[in-house]
Amino acid sequence: MEKISRIRSRISTVSSIVVLTGAGISADSGVPTFRGEDGLWRRFRAEDLATPEAFRRDPVLVWEWYNWRREIIAIKNPNAAHHALVKLERQARSFTLITQNVDGLHAKAGSKNITEIHGNIWKTRCTVCGDVSHNFDVPITILPHCKKCNGLLRPHIVWFGESLDPADIKRSMDAMHTCEVLLVIGTSGIVQPAASFVSTAKGAGAYVVEINIEETPNSYLVDEVLVGRASDVVPLLINRD
Ligand code: NAD
Ligand code: ZN
């Protein structure tokens with residue numbers, strides 16, 4: 001507990017906080033992680049479906065999988081960790097949330113300054129004209145087409161083998177270079193470039209705190225490792241007022 005209060009007072013005195021979240025923060029809301037026990041759909045692994053090749057080969061199958069994921073996520077709610085981050089944003093002078101999650105739960109909780117580096121499951125993108133729009137239908141029509149040009153729509157998600165939006169990388173890297181505290185919550189540290197964000201922030205002098213149910217490849221380089229569930233640990237780090 002001494003460790004927790006040390007971290008809490010550090011967080012409450014700095015002016016610039018960045019938070020990086022991964023699938024683990026939403027696991028406590030009942031959204032499965034890809035590498036967890038519930039990561040399989042039919043006989044497929046996420047790595048076989050969340051790719052441009054899979055979509056080219058069989059867009060119906062890929063959209064069916066997204067319908068299954070939309071159904072799961074639609075009925076989930078933000079948990080105590082998501083809510084604690086909303087409170088932290090209100091208290092901090094400068095706050096940036098970078099998430100690898102596509103579930104939209106940070107926005108549902110009320111976080112404002114969010115960069116969704118892997119996209120959002122509630123958005124579609126036209127494969128012809130590139131138009132991005134919200135679509136909250138559950139299930140979504142198979143196959144959905146663009147209202148502007150009738151092109152095939154795909155999920156607005158960064159798939160395995162695809163690049164992140166350069167503007168998102170720049171915003172994230174700038175945040176890592178300038179933050180005083182970085183909280184890394186529920187992310188494995190395997191998926192790039194998010195994995196390297198942590199070493200960038202550390203190299204630039206940030207105080208880095210990792211919250212995860214287990215140690216990760218990042219654990220050795222951060223300042224504090226808090227092993228526990230995000231929904232239990234994150235609220236302890238935020239002042240109650
Ligand atoms: P990941 O690589 O970020 O791994 C999840 C991490 O969360 C693991 O390190 C695990 O130990 C940790 N974890 C699990 N339960 C936790 C808990 N209760 N509290 C704290 N930490 C916990 O993510 P992944 O599942 O391998 O998925 C890879 C990518 O796929 C993601 O970055 C994301 O883009 C996408 N994805 C998104 C969602 C979502 O939006 N909720 C879910 C699955 C996958
Ligand atoms: Zn279009």
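Under a Gaussian network description of the chain, with springs only between Cα atoms under 10 Å, the residue in Y220, Y66, Y207 that fluctuates furthest is Y220. Comparing W41, W65, W159, which has the greatest mean-square fluctuation in the GNM of the chain with Cα pairs linked when under 10 Å apart? Highest fluctuation of the listed residues: W41.
Think of each Lys and Arg Cβ as +1 and each Asp and Glu Cβ as -1; about the Cα centre, that makes the dipole of the chain roughly 540 debye.
For segment 187-208 versus segment 1-67, the inter-centroid distance based on Cα atoms is 16 Å.
Between I75 and R35, the modelled labels are 2.9 nm apart [label points 7 Å from Cα along Cα→Cβ].
Taking packing as the residue-averaged number of other Cβ atoms within 10 angstrom, the listed peptides 52-58, 103-109 run from highest to lowest as 103-109, 52-58.
Bridging of K108 to aspartates and glutamates at a Cα separation below 17 Å is possible for D28, E71, E89, E116, D137, once same-chain residues fewer than 8 apart are set aside. Partner aspartates and glutamates whose Cα lies under 17 Å from the Cα of K87, excluding those fewer than 8 positions away in the same chain, are identified as D232, D241.
Out of all DSSP beta bridges in the chain, what portion is antiparallel? Express it as a percent rounded to 5. Present the calculation step by step, with values, prior to reporting the outcome.
Working: 10 of 33 bridges.
Here the share of antiparallel DSSP bridges comes out near 30 percent.
Bridgeable aspartates and glutamates around K3 (alpha carbons under 12 Å apart, same-chain partners fewer than 8 residues away excluded): D223, E224. With the largest listed first and rounded to whole Å, the semi-axes of the equivalent ellipsoid of the chain from the Cα gyration tensor are 32, 18, 17. State whether segment 1-103 is rounded, prolate or oblate according to the following rule on the C-alpha gyration tensor (a ≥ b ≥ c being the square roots of its eigenvalues): a/c under 1.5 gives rounded; otherwise a/b larger than b/c gives prolate, and the remaining case gives oblate. Prolate, because a/c is 1.5 or more and a/b exceeds b/c.
In this simple spin-label approximation, C149 and D165 carry label points 7 Å from Cα along the Cα→Cβ vector, and these lie 1.8 nm apart.
In terms of the mean number of neighbouring beta-carbon atoms within 10 Å, the peptides 19-26, 149-156, 165-172 order highest first as 19-26, 149-156, 165-172.
Give me the percent relative contact order of segment 74-216, please, defined on Cα pairs under 8 angstrom at least 6 residues apart. Present the calculation step by step, with values, prior to reporting the outcome.
Values: 193 pairs, mean separation 24.0, N = 143.
Dividing the mean separation by the residue count of segment 74-216 yields 17 percent.
Based on alpha-carbon atoms, the Kirkwood radius and the radius of gyration of segment 62-174 give Rg/Rh equal to 1.00.
When the dipole is taken about the Cα centre of segment 1-131, and only Lys, Arg (+1) and Asp, Glu (-1) are charged at their Cβ, what size is it in debye, to the nearest 20?
Numbers: 20 positive and 14 negative charges, 109 e Å.
For this selection, approximately 520 debye.
What's the local net charge at N135, with K and R +1, D and E -1, over the other residues with C-beta under 15 Å away?
Working: positive: R69, R70, K123, R125, K147, K148, R154; negative: E71, D103, D131, D137.
Around N135, the surrounding residues sum to +3.
With the charge dipole of the chain set up from +1 on Lys and Arg Cβ and -1 on Asp and Glu Cβ about the Cα centre, the Cα lying farthest toward the positive end among the listed residues I190, T96, I7 is that of T96.
Ignoring everything except DSSP H segments at least 4 long, calculate the 222 nm mean residue ellipticity for the chain; use -39,500 (n - 2.57) per segment, divide by total residues, nearest 500. Write out the running numbers ahead of the final one.
Values: 10 runs with 87 residues, N = 241.
After summing the helix terms and dividing by the residues of the chain, the value is -10000 deg cm²/dmol.
Shown is the FRET efficiency for E215 and F136, computed with R0 = 51 Å from the Cβ-Cβ distance and rounded to the nearest 0.05: 0.85.
FYI, it's all coordinate maths here, none of it is from the lab. Since the model is a prediction, treat every value here as computed from it, not as a measurement. Virtual Cβ from ideal backbone geometry, glycine too; neighbours counted across all protein chains shown.
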